[in-house]
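As structure tokens, the structure follows; a few thoughts come after it.
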Amino acid sequence: MSAVRVLGLAAACLAASPAFALEQGEYRFNGFGTVGITHLGGEDDGRAYGIQGQTNDSWRGDQLSKFGGQFQYGLTDKLGLTAQVIAKAEQDNWKANLEWLYLSYQVDDRLVVRAGRLRNPVYMYSETLDVGFTYPWLRLPDEVYHQVQITNYEGADFVYTLPLSFGSLSLQANGGQAVNRNFFVYDQLRDMDYKKVAGANASVATNSFGTFRVGYSESSLSLDGFIEDRKGKFTSLGYQFDNGTWVTANEATRLVVEGATSTKDAFYLMGGRRFGDFLAHVTYAQMDESNAGGQSSWTYGLNYSLTPTVTLKGEYKRVDTYDQGKGVFVKSFDELVSEAFGVTTPRTFDGDIVSVGVDFVF
């Protein structure tokens, strides 16, 4: 079985695709994980990088490493139960979180309705966000994937799949809420409420030309100590292609929080080529914040398929910020106050991030 076929099979199973519905009494268990370390060089003042500041000048495994399991059970021929648990670090402590717990009802061959705790489908890789084996990088492009920290919500969605002569069309709509979620901001964890979550996305998977995706999501946001009942809107466009030799993945996003923060526009472009069991790839990414500078980066990676379900990955990422933007580098709350009162001047940052690790599924 080819590496591309195994990857596609693993991704479909772990995303609980309607095509993999179970008969009554049947069950399926899939495991997955990443064991990796990462290091930030170039910043000499102990600066941290990443959503939770887990990348710094020490070799650390808590930014990349994670372990998970997914269980599916057929309650009837049409009704199924899915649960997914992820163990990963939250700042400096490891925690096990129930990421998914939902019921799915197979209305017919094309329509599935789900209700419970579901993945928030804002990104192209949302359904397999923690399954590193399903994408080429060790760390997803930070410029895009650091923006929406909520990974799941309580609510319902439907997925409708329409076969086409050249592929298939998939439509998804969702709604619900996520309250009392941890949100990392200015080196602190605070409570975040996402109410009135609503979104929709459409993807066209072609037989020869890859997959195109467009999505939109919005929510009423309240962040303890910062914002109260502000409307957040997130728009994304994506395209991916993999013919077994050439690989590309591309995504562009816009995040707007009305009356609260700067608009963020971000994108990445990735191209790669397989040479037997090796995959070499390069990614350019950029994020711009209105009136708040931005960040750009180049990532160079080399992957090696140890087995059909285990991939060794190595990456080098060069990151630069500009126009006094902090990008994905972490500032403390004291720095924010100091800059707001003119005591210090906002500065730019740069760094070299090296990451090595193994992704696996079973």
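Worth pointing out:
- Failed item in (1) surrounded by fewer than 19 Cβ atoms within 10 Å (Cβ to Cβ); (2) charged (D, E, K, R); (3) farther than 30 Å from S338 by Cβ, with D157 passing the rest: (1)
Listed here are the residues, each with its yes/no results for (1) over 23 Å from F32 (Cβ atoms); (2) among the aromatic types (F, W, Y); (3) touching a helix residue (DSSP H, G or I) at 6+ places or on another chain (Cβ under 7 Å).
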| position | (1), (2), (3) |
| --- | --- |
| W246 | yes, yes, no |
| S262 | yes, no, no |
| D265 | yes, no, no |
| L279 | no, no, no |
| V282 | yes, no, no |
| P308 | no, no, yes |
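Quick grid of which residues meet (1) in contact with a Ser or Thr (Cβ under 7 Å, 6 or more places away or on another chain); (2) surrounded by 21 or more Cβ atoms within 10 Å (Cβ to Cβ); (3) on the phi > 0 side of the Ramachandran plot:
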| residue | (1), (2), (3) |
| --- | --- |
| A115 | no, no, no |
| N120 | yes, yes, no |
| L138 | yes, yes, no |
| D142 | no, yes, no |
| T151 | no, no, no |
| Q177 | no, no, no |
| N182 | no, no, no |
| Q188 | no, no, no |
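- The residues of region 250-289 that are buried (at least 17 other Cβ atoms within 10 Å of the Cβ) and closer than 18 Å to T311 by Cα, listed by number, are G272, R274, L279, H281.
- Among the residues of region 89-131, those identified as more than 15 Å from A173 (Cα to Cα) and within 14 Å of the chain's Cα centre (by Cα) are E99, Y125, T128, L129, D130, V131.
- Some residue of region 333-350 being at positive phi and either modelled with pLDDT of 95 or more or surrounded by 15 or more Cβ atoms within 10 Å (Cβ to Cβ) (or both): no
- Selection status of V107, loosely packed, with under 15 Cβ neighbours inside 10 Å and among the β-branched types (V, I, T): yes
- F166, sole failed condition from (1) exposed (fewer than 15 other Cβ atoms within 10 Å of the Cβ); (2) among the hydrophobic types (A, V, I, L, M, F, W, C); (3) within 17 Å of the chain's Cα centre (by Cα): (3)
Residues are listed down the side, and each one gets a yes or a no for (1) of a type in the set (F, W, Y); (2) more than 19 Å from the chain's Cα centre (by Cα); (3) not in a loop (DSSP other than H, G, I, E, B):
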| position | (1), (2), (3) |
| --- | --- |
| Y284 | yes, no, yes |
| N303 | no, yes, yes |
| L306 | no, yes, yes |
| Y316 | yes, yes, yes |
| E339 | no, yes, yes |
| T348 | no, yes, no |
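- Only one of G46, G42, G53 that is surrounded by 15 or more Cβ atoms within 10 Å (Cβ to Cβ) and at positive phi: G53
- Residue pairs meeting the criteria (Cβ under 9 Å; at least 6 apart or on separate chains; first farther than 29 Å from V358 by Cα and free of Cβ contacts under 8 Å to residues at least 24 places away in the same chain, in region 64-90; second among the hydrophobic types (A, V, I, L, M, F, W, C) and part of a strand (DSSP E or B)): L81/F71; L81/L101; L81/L103
- Pair list, Cβ under 6 Å, 6 or more apart: region 210-223 residue within 15 Å of S168 (Cα to Cα), other residue not in a strand (DSSP E or B): R213/M124
- Complete set of residues in region 58-89 that are modelled with pLDDT of 95 or more, assigned to a strand (DSSP E or B) and within 17 Å of G33 (Cβ to Cβ): K66, F67, G68, G69, Q70, F71, A83, Q84, V85, I86, A87
- When residues of region 30-55 are limited to those that are in contact with a Gly (Cβ under 7 Å, 6 or more places away or on another chain) and part of a loop (DSSP other than H, G, I, E, B), the one modelled with the highest pLDDT: G42
- Residues of region 264-295 satisfying the condition of being touching an Asp or Glu at 6+ places or on another chain (Cβ under 8 Å) and either touching a residue at least 60 places away in the same chain (Cβ under 8 Å) or under 18 Å from Q240 (Cα atoms) (or both): K264, A266, F267, Y268, A285, Q286, M287, Q295
The values are calculated or read from the model by the stated rules, or taken from the named source; none is laboratory data. If you're wondering where the values come from, they're calculated on a predicted model, not measured in any experiment. A quick note on method: Cβ atoms are made from the backbone with ideal geometry, for glycine too, and the neighbour counts reach across all protein chains shown.
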